[in-house]
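Nothing in this text is a laboratory measurement; each read-out follows from the coordinates by a stated rule. Keep in mind the model is a prediction, meaning the values are calculated, not measured. With ideal geometry, Cβ positions are generated from the backbone for all residues, glycine too; neighbour counts draw on all protein chains shown.
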Ligand SMILES: Cc1ncc(COP(=O)(O)O)c(C=O)c1O
């Protein structure tokens, strides 16, 4: 096998798998491996799960894509299920986690626009990872992902993860321009970093006091990975916006941005979901929604 025609991005190992079943993988020489990586938090229910295999096969023979010009019944059903599980009210589907976060960042911009803030700022965390589009790279931290991509779009302020005093300081310095905090409840790519107990709740309270949106990136922590459907549920809070991907599709490309329909002082409330749909028009395939819906035990 040669990789000469591929762009050199991830420098993959000289190891290629041809088959997977549950937690096991097999390489080209027939050697068996225990898959402890799970596609980096993607294959939550394992490889070749029989329900997934039959769901994808069945849908591929029926219909793969129509576009968002039409109502997509499975999208609506998945939205209903996710909003019910999370306590959110609206969902918007994309093809990846980075796109879901782009939607969240657009909602933050719209929120600021509605409030008449000309240059809205989003607070993000040091060592965060939110994706590899230019916008989400900008919200992410560290040379490992950002090197070579300057100038990245601005509009972000970084604070140390878990540090409430730092949030107070940015509030004093930039308060009127801040519209949202975007963070992972548990940082994933930087090595499974947890914030001190009570931090998330305190951030929620700060967002309430300042009318900022609390936007949680649950792309790695969501869909049951921490023992609850979503990591924020351990803290007894609900964010204003939440993003999902990875385990939502178990390998099929899908992302979702969920929002409470009426964040404080956002008006008119119904415009939030409608506007995001107008601005960000995803592929909206039928199959990933259908698969995702059919195979989660909820
Ligand atoms: C917390 C978090 N956010 C966003 C992303 C980006 O998701 P995707 O690779 O689906 O664009 C990742 C991917 O690792 C992630 O871990």
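General observations
- Scoring 254-260, 120-126, 78-84 by mean Cβ neighbours within 10 Å over their residues and listing the highest first yields 254-260, 120-126, 78-84.
- Helix axis angle, 164-174 relative to the chain longest principal axis, alpha carbon, degrees: 60 degrees
- Our analysis of region 194-240 gives Rg over Rh at 0.97, with the two radii drawn from alpha carbon positions and Rh computed by the Kirkwood formula.
- Relative contact order (%) - the chain, alpha-carbon pairs under 8 angstrom, separation at least six: 25 percent
- Secondary structure note: in the chain, about 60% of the DSSP beta bridges are antiparallel.
- Each of the peptides 58-69, 179-190, 5-16 was scored by the mean count of other Cβ atoms within 10 Å over its residues; in descending order, highest first, they stand as 179-190, 58-69, 5-16.
- Note on region 46-137: Cα-Cα pairs beyond 16 Å make up 72% of the total pair count.
- 11 Å cut-off, amide nitrogen to a point 7 angstrom out along residue 238 Cα→Cβ, residues in region 80-114: 83-90
- Taking the helices alone, the chain has a mean residue ellipticity at 222 nm of -9500 deg cm²/dmol, built from -39,500 (n - 2.57) per DSSP H run of at least 4 residues and averaged over all its residues.
- Shape descriptor for the chain: Rg over Rh equals 0.97 (Cα atoms; Rh from the Kirkwood inverse mean 1/r).
- Cα long-axis angle, helix 199-210 against the chain (0 to 90 degrees, to the nearest 10): 50 degrees
- Percent of Cα pairs exceeding the 18 Å cut-off, where the set is region 166-209: 35 percent
- Taking the average, over residues, of other Cβ atoms within 10 Å as the packing measure, peptides 165-176, 105-116 rank 105-116, 165-176 from highest down.
- For region 1-158, the average shadow cast by the Cα convex hull is 13.9 nm², which is a quarter of the hull's surface.
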